[in-house]
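Engineer: Got a structure here, written out as structure tokens. Questions coming.
The values are calculated or read from the model by the stated rules, or taken from the named source; none is laboratory data. Note that the coordinates shown come from a computational prediction; the quantities given were computed from them, not determined experimentally. Don't worry about glycine lacking a Cβ; one is built from the backbone with ideal geometry, like all the others, and counts go over all protein chains shown. Areas reflect the complete protein model, heavy atoms only, side chains present, ligands, DNA and RNA absent. Shrake-Rupley method; radii C 1.70, N 1.55, O 1.52, S 1.80 Å.
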Amino acid sequence: MERTSRTVLLRGGTVYSPADPFATAMLIEGEQVAWVGSEGAADAYAAVADQVVELDGALVTPAFVDAHVHATSAGLALTGLDLTDCPTLAEALHRIAGFARAGADAGVLIGHGWDQTRWPEQRPPTLAELDLAAGGTPLYLSRTDVHSALAGTALRELTPGLADLPGYHPTEPLTRDAHHAVRRTALAALTPAQRRAAQLATLRHAASLGIAALHECAGPEISSEQDLAALLALAAETPGPEVYGYWGELGGVDTARRLGAVGAGGDLFVDGALGSHTACLHAPYQDAAHTGTAYLTADQVADHVTACTGAGLQAGFHAIGDAALTAVLAGVRTAAERCGLPAVKALRHRVEHAEALDGDAVTAFAELGLVASVQPAFDAAWGGPEGMYVQRLGAERAAALNPFAALLRAGVPLAFGSDAPVTALDPWGTVRAAAFHQTPEHRISVRAAFAAHTRGGWRAIGRDTEGVLVPGAPASYAVWETGELVVQAPDSRVAGWSTDPRSGTPGLPDLTPGTKLPTCLRTVVRGTEVYSR
């Protein structure tokens, strides 16, 4: 990819900008937006611009930010065995066998995405079935939520002390520490070339989707120091999306600083996930006689937030279940008592996923200045009356999950992401999932969802001037082929007012389910073109 000319004029389209809701043109000087306006004024700039880009009616928007990814694992899913669309157990075993035959000399085989709740058999493969399909090759297959995994006998034998770890089972999927152990064994078998190829696949795919920045959620239990360091170095030397790293280790302030991470958080696990029955709940699961797994206490959360606040570093936690979120909020409150609430709020500590929030928890998020780093595609994948959430929690508790509208009303900053490879990199699909949440009272407008997936990701790392196309802002944008631009909001009265030209509300693509999502034509990061269709 080549750096764009010093002065670039885009004209003849629609520019999504608060500077001018009717803008059709934008001027870029170097790495910054210099001007946004109408065609008449663009004529004057055309004579002096080094390059004029005719948009031919295309839409220009701020580029997206994916606020929660795992680049190596996502790249391995893109380039290897991905079972996320697999319809049956039998088909999964067929694909595993083919994958094993094709990669028999590759060392450990790594795949992702199985979900027994989507299969008519309603069960994962047995260890015997897995070994037969793998043909003796060490095999690691993470579940779709990446909080449990299938590990063949050959991989289990490569993992010392496995049988003594919490979450171990001799024949069933592994969870907790046993899962983390086999994952470390599998990822350690990757060569630097394999890791680089996987990370490049993620960066290139993200660029093709109009994504300008990724928040990598690394940590000792989900990747490694070497993996994060390699990714940050690769992103720095390769034209493509920028990468901002988080290091999820309890008390890991010094390590985060050494690695160049922007925070000691991300996937610092307070609990697990609902699909794997490891999210920590106050009341038992609907389909299991326990309340999940607690990895951290409120006291440990408090100590971590206190240490991060003292160091001027953002903290963050993975918390999904209501009991896990209770522990996070209690811990942050204690830290606020120690350090002072203004100091805690100033750092915008994050909570990843934050699914099981009631009204009191939403209020606490606002009071403590917490950022909700959330994944609307989770609801699209597992919400609704027939979804996995209802299986795990029952209809009443499932309907309370992912309350985006309540968070927005309370003033809680939202940052949208995918948690790739848990769900795919798919920014417009993510905006659609929030606007058409399967629980109607949790829906937000397309405009608000778009802001959460652009400006919200920048605000989550303290960069308040980014993610919007106004003079002086960084020139990180995407150009889209799309249909009619509309204003979509859950409340028809708001939508009606917003579509009145006098409101000055700019339109966005029609994301009604079933309509075609926009196609990315070009992605530019700080003036550098990183993707062109």
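Engineer: Could you give the accessible area per residue of region 345-412, probe 1.4 Å, as a whole number in Å²?
Structural biologist: Details: 2250 Å² over 68 residues.
It amounts to 33 Å² per residue over region 345-412.
Engineer: Taking the Cα centre of region 22-154 as origin, work out the dipole magnitude from +1 charges on Lys and Arg Cβ and -1 charges on Asp and Glu Cβ, in debye rounded to 20. Show your work: numbers first, answer last.
Structural biologist: Values: 5 positive and 17 negative charges, 170 e Å.
Around 820 debye, computed over region 22-154.
Engineer: For the chain, build the charge dipole from Cβ charges (+1 Lys, Arg; -1 Asp, Glu) around the Cα centre, then report which of Thr72, Ala213, Met26 sits farthest towards its positive end.
Structural biologist: The one lying farthest along the dipole's positive direction is Met26.
Engineer: Next up: Computed on alpha carbon atoms, what radius of gyration and Dmax characterise region 374-466, expressed in Å?
Structural biologist: Spelled out, the Cα radius of gyration and Dmax of region 374-466 are 13.1, 42 Å.
Engineer: Follow-up. So for region 103-208, Kirkwood radius off the Cα pairs, Stokes-Einstein at 37 °C and 0.692 mPa s: how many µm² s⁻¹? Could the numbers behind the result be given before it?
Structural biologist: On the way: Rh = 14.5 Å.
For the chosen part, D equals 226 µm²/s.
Engineer: For region 183-223, just the Cα set please: Rg and Dmax, both in angstrom.
Structural biologist: Cα only, region 183-223: 12.1, 34 Å (Rg, Dmax).
Engineer: Further question on the same structure: Take every DSSP beta bridge whose two residues both sit in the chain, then give the antiparallel share in percent to the nearest 5.
Structural biologist: Details: 31 of 69 bridges.
Among the beta bridges of the chain, antiparallel pairing accounts for roughly 45 percent.
Engineer: Can you give the convex hull volume of the alpha carbon atoms of region 319-387 per residue, in Å³?
Structural biologist: Details: hull volume 5.3 nm³, N = 69.
Enclosed volume per residue, from the Cα hull, is 76 Å³.
Engineer: If you don't mind, there's one more thing I want to ask. For the chain, state what percent of all Cα-Cα pairs lands in each successive 10 Å bin, counting from 0 Å until the bin that includes the largest distance.
Structural biologist: Whole-percent P(r) values from 0 Å outward: 4, 19, 29, 27, 16, 5, 1, 0.
Engineer: Mind checking which of Thr334, Gly384, Thr363 is farthest towards the positive end of region 324-394's charge dipole, using Cβ charges of +1 (Lys, Arg) and -1 (Asp, Glu) about the Cα centre?
Structural biologist: Thr334
Engineer: Per 10 Å bin, what percent of the C-alpha pairs of region 1-62 does each bin hold, from zero upward?
Structural biologist: Reading the bins upward from 0: 26, 58, 16, 0.
Engineer: Separate question: For region 1-111, what value does the Rg/Rh ratio take when both radii are computed over Cα atoms and Rh is the Kirkwood radius, given to two decimals?
Structural biologist: On the way: Rg = 23.3 Å, Rh = 18.0 Å.
Here Rg/Rh amounts to 1.29.
Engineer: Note down the net charge around Leu9, summing +1 for each Lys or Arg and -1 for each Asp or Glu among other residues with Cβ under 12 Å from its Cβ.
Structural biologist: Details: positive: Arg6, Arg11; negative: Glu29, Glu39, Asp43, Asp50, Glu54.
With Lys, Arg at +1 and Asp, Glu at -1, the neighbours total -3.
Engineer: Let me ask something additional. Amide H neighbours of Gln32 under 5 Å, counting only residues 5+ apart in sequence or on other chains, H built in-plane at 1.01 Å?
Structural biologist: Ala475
Engineer: Now for a different question. Once region 74-159 is represented by equal point scatterers at the alpha-carbon sites, with solvent omitted, what log10 I(q)/I(0) does the Debye formula produce at q = 0.11, 0.21, 0.23 Å⁻¹?
Structural biologist: The computed values of log10 I(q)/I(0) come out as -0.24, -0.95, -1.16.
Engineer: Using a cut-off of 11 Å between beta-carbons, work out the net charge of the residues near Thr430 (Lys and Arg +1, Asp and Glu -1, Thr430 not included).
Structural biologist: Details: positive: Arg432; negative: Asp66, Asp379, Asp419, Asp426.
Around Thr430, the surrounding residues sum to -3.
Engineer: While we're looking at this one, here's another question. As a test of the formula, what do you get for the chain when each DSSP H run with n ≥ 4 contributes -39,500 (n - 2.57) and the sum is divided by the residue count, at 222 nm and rounded to the nearest 500 deg cm²/dmol?
Structural biologist: Roughly -10500 deg cm²/dmol at 222 nm, from the helical runs in the chain.
Engineer: How large, in percent, is the carbon and sulfur part of the accessible surface of the chain at a probe radius of 1.4 Å? Spell out each step's value before the answer.
Structural biologist: Working: 10600 of 20110 Å².
About 53 percent, which is the carbon plus sulfur part of the accessible surface.
Engineer: I'd like to compare 350-357, 151-158, 178-185: which one has the highest average count of other Cβ atoms within 10 Å, and what's the full order after that?
Structural biologist: Details: 350-357: 27.9, 151-158: 20.6, 178-185: 22.6.
Answer by packing, highest mean first, reads 350-357, 178-185, 151-158.
Engineer: Would you mind computing Rg(Cα) / (2.2 N^0.38 Å) for region 377-421, counting N as its residues? Before the final figure, lay out the partial values.
Structural biologist: Values: Rg = 11.9 Å, N = 45, 2.2 N^0.38 = 9.3 Å.
After normalising by residue count via 2.2 N^0.38 Å, the value is 1.27.
Engineer: For region 1-74, give the magnitude of the charge dipole about the Cα centre (Cβ charges: +1 Lys/Arg, -1 Asp/Glu; no others), in debye to the nearest 20. Working shown, then result.
Structural biologist: On the way: 3 positive and 10 negative charges, 23 e Å.
Dipole about the Cα centre, nearest 20: 120 debye.
Engineer: I would also like to ask the following. Going toward the positive end of the dipole of the chain, with +1 on Lys and Arg Cβ and -1 on Asp and Glu Cβ, which of Thr306, Thr430, Ser148 do you reach last?
Structural biologist: Of the listed residues, the answer is Thr306.
Engineer: Where does the Debye-calculated log10 I(q)/I(0) of region 319-439 sit at q = 0.11, 0.18, 0.23 Å⁻¹, using only Cα point scatterers of equal weight, no solvent?
Structural biologist: At q = 0.11, 0.18, 0.23 Å⁻¹ the computed log10 ratios are -0.37, -0.92, -1.35.
Engineer: How much accessible surface area, in Å² rounded to 10, belongs to the heavy atoms of Leu508 with a 1.4 Å probe?
Structural biologist: Its accessible surface works out to 10 Å², give or take rounding.
Engineer: Right, another one. Please state the charge dipole magnitude for the chain, taken about the Cα centre, from unit charges on C-beta atoms (+1 on K and R, -1 on D and E), reported in debye and rounded to the nearest 20.
Structural biologist: On the way: 37 positive and 57 negative charges, 96 e Å.
Here the size comes out at about 460 debye.
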